[in-house]
């Protein structure tokens with residue numbers, strides 16, 4: 001049975017700040033005059049997470065979800081952003097998401113993992129086509145067999161719900177110890193995966209402080225730290 005190296009997409013395979021900052025600079029430069037891009041980005045992610053259940057339950061459209069997540073943190077800064085401005089910003093953000101660059105060392109990591117006998121997999125929240133388009137933009141889509149890609153909208157269950165992780169395991173007849181999951185988001189990735197007993201590498205490159213105590217293989221800050229962790233895990237469970 002193959003081992004599966006399972007990855008989140010956003011802010012795990014690429015730096016989500018890059019396309020976002022470019023879009024804000026183009027469409028809402030007044031925000032960058034009021035605060036640092038990273039602060040606005042963090043608040044956008046906060047509202048995105050807060051509203052995600054409303055989207056996945058069908059109570060809110062993806063368009064409304066995107067409008068509010070962009071407008072609410074602008075209002076916090078004293079900036080009046082209209083729905084039209086928010087949608088222009090989202091459109092520009094989506095444009096730059098077609099020009100993504102993987103984190104340094106990621107492609108080499110995947111080469112090494114495959115040479116060691118790992119199968120590459122993807123488990124991500126978001127609209128199905130939108131997330132798969134990001135893999136194409138990164139030049140990684142052909143590196144992952146389609147059956148090993150699962151996006152939350154495919155089945156209507158989103159991280160951190162452990163049922164999404166369990167669905168992935170059951171689909172591929174995988175015991176949890178035969179996979180390692182890599183993600184950046186504490187609640188969605190770390191809490192979700194560990195709730196399904198999947199070993200996790202936390203990619204905390206934004207150095208977030210979190211509340212809670214969930215076991216991880218390691219807290220890491222760059223891609224170069226991951227390969228030894230995968231190798232150690234395989235060696236431990238192959239013996």
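No lab work stands behind these numbers, since they all come straight from the coordinates. If you're wondering where the values come from, they're calculated on a predicted model, not measured in any experiment. Using ideal geometry, Cβ is built from the backbone for each residue, glycine included, and neighbour counts are taken over all protein chains shown.
Quick look at the values:
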{"quantity": "Computed [θ] at 222 nm, helices only, for the chain once each DSSP H run of length n ≥ 4 contributes -39500 (n - 2.57)", "calculated": "-14500 deg cm²/dmol"}
{"quantity": "Nearest-ten-degree value, helix 17-27 long axis tilted from longest Cα axis of the chain", "calculated": "20"}
{"quantity": "Distance between the stretch 161-239 and the stretch 80-105 - C-alpha centres, whole angstrom", "calculated": "28"}
{"quantity": "Acute angle (nearest 10 degrees) that the helix 162-171 long axis makes with the longest principal axis of the chain, alpha-carbon atoms", "calculated": "50"}
{"quantity": "Helix 37-56 vs. the chain, principal-axis angle (Cα, 0 to 90°, nearest 10)", "calculated": "70"}
{"quantity": "Highest average packing first - 199-206, 125-132, Cβ atoms within 10 Å", "calculated": "199-206, 125-132"}
{"quantity": "DSSP-defined antiparallel bridges as percent of all bridges, the chain, nearest 5", "calculated": "5"}
{"quantity": "Alpha-carbon Rg with Dmax, taken over the stretch 1-137, Å", "calculated": "16.8, 55"}
